[in-house]
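Taking it in order: structure first as structure tokens, then the write-up.
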Amino acid sequence: MQTDSLYFNVNVNVHLNESRFWVDCEIVLKYVKNEIHHFHVLVAYRMDEISCLTKPDQWSHIAWVLNPADVMTRGTDPVGLMTRGWFQYPEFLRNYKSEWKDGTCCNDLDDND
């Protein structure tokens, strides 16, 4: 198995009806949802891998302050990991999907992106 792959194998008996991916960087979300612009080679390779494994409508934006993956980048100690949501998910995910914020970007990529 490649370590840089976007997916991994898990031997768990769980059936998922749908996967959702959250990203706190709007430019990444724009890249994923892009259908017009072409990318530099390294970005194009990664975007091709993402597009083969997922659909653009599976991706949404999450504010960085709600992203549990970013707890470490905000500077915390091991106790802080337990109390600041590292092992929890954002509160809004407990609501029905229809109550979630749109989570999409409002602007398309421009030629400088």
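Plugging the Kirkwood radius over Cα pairs into Stokes-Einstein for segment 21-99, at a temperature of 37 °C and a viscosity of 0.692 mPa s, what D comes out in µm²/s? After rounding, the answer is 226 µm²/s. Residue exposure proxy: Tyr31, Tyr89, Tyr96, ordered by other Cβ atoms within 10 angstrom of their Cβ from fewest to most, comes out as Tyr96, Tyr89, Tyr31.
When Phe21, Phe92 are arranged by Cβ crowding within 10 Å, least crowded first, meaning fewest neighbours, the order is Phe92, Phe21.
Taking other C-beta atoms within 10 Å as the exposure proxy, Lys97, Lys33 rank Lys97, Lys33 from fewest upward. I need the calculated FRET efficiency for the pair Tyr89 and Leu53, taking r as the beta carbon distance and R₀ as 25 Å, to the nearest 0.05. Calculated value: 0.70. Couplings for segment 62-72, taken from phi via the Karplus curve 6.51 cos²θ - 1.76 cosθ + 1.60 with θ = phi - 60°, read 10, 4, 4, 5, 9, 7, x, 5, 8, 4, 5 Hz in order; Gly and Pro are left as x.
Bear in mind these aren't lab numbers, they're just calculated from the coordinates by the rules spelled out. Note that the structure is predicted; figures quoted are calculated from it, not measured. We place every Cβ from the backbone using ideal geometry, glycine too, and count neighbours over all the protein chains shown.
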